[in-house]
Amino acid sequence: MSPPVRNVVVEELLAEHAPALRNFLGARCRDDELAAELLQEVSARLVAAAPRVSLNGNARGYLFRIAANVWHDHLRRELVRRRAVVHLQAEVPPPVPPTDARLLERELREAVRRAVSALPREQREVVEMRQERGLTFQAIADRLHRPLGTVLTQMRAAIAKIGEALEDYR
């Protein structure tokens, strides 16, 4: 039996065979980053096994066996991950809207309309131009001949009042 592999020998083996191992793994996964990660795993396994391994003259075969095992382990993990995703997606039923969802939605819309109608005219104009016409605050300020800061303050005040009016819907 030959002596165990030492760290210096491990580094030499990896330096000599890394390009071929990278090609071997890259041909299987077709992803350079993944191939690099898998090569790191091959290196880690070789380093971990080095104290108890004797290569008996077939270092290249041993390294490629490790690489094949790393690739198969990756495939198994990926298969388990994909099955778990499918299983989780199958378990989660799509949310079913409550039977009274339409009624609640109509009530909320009506409450918003009432809240907007109850605003002072200046605030209501700003809200309606922003929400119904989709105008920018600058465009609203220009159309209403008001400073931009005033329009922003009116919108902020309107949102606060609408929020208070809709407190029961939270």
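Structure data summary
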{"read-out": "Cα lying deepest toward the dipole's positive end in the chain, options Ala20, Pro98, Phe64, charges on Cβ", "value": "Pro98"}
{"read-out": "Protection proxy ranking, peptides 98-104, 129-135, average beta carbon neighbours within 10 Å, highest first", "value": "129-135, 98-104"}
{"read-out": "Extension gain from Glu128 to Glu91, taking 0.36 nm per residue of separation minus the Cα-Cα distance", "value": "9.0 nm"}
{"read-out": "Structure-based [θ]222 nm, the chain - -39500 (n - 2.57) summed over DSSP H runs of at least 4, per residue, nearest 500", "value": "-25500 deg cm²/dmol"}
{"read-out": "Most to least packed among 106-114, 153-161 [average Cβ atoms within 10 Å]", "value": "153-161, 106-114"}
{"read-out": "At R0 = 45 Å, FRET efficiency that the Cβ-Cβ distance of Arg30 and Leu148 yields, to 0.05", "value": "0.25"}
{"read-out": "Label-point gap, in nm, between Glu37 and Glu107 - each point 7 angstrom along Cα→Cβ", "value": "5.0 nm"}
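Rule-based calculations on the coordinates, nothing more; no lab input. Source: prediction; values computed, not measured. Methodologically, a virtual Cβ is constructed for each residue, glycine included, from the backbone with ideal geometry; neighbour enumeration extends over all protein chains shown.
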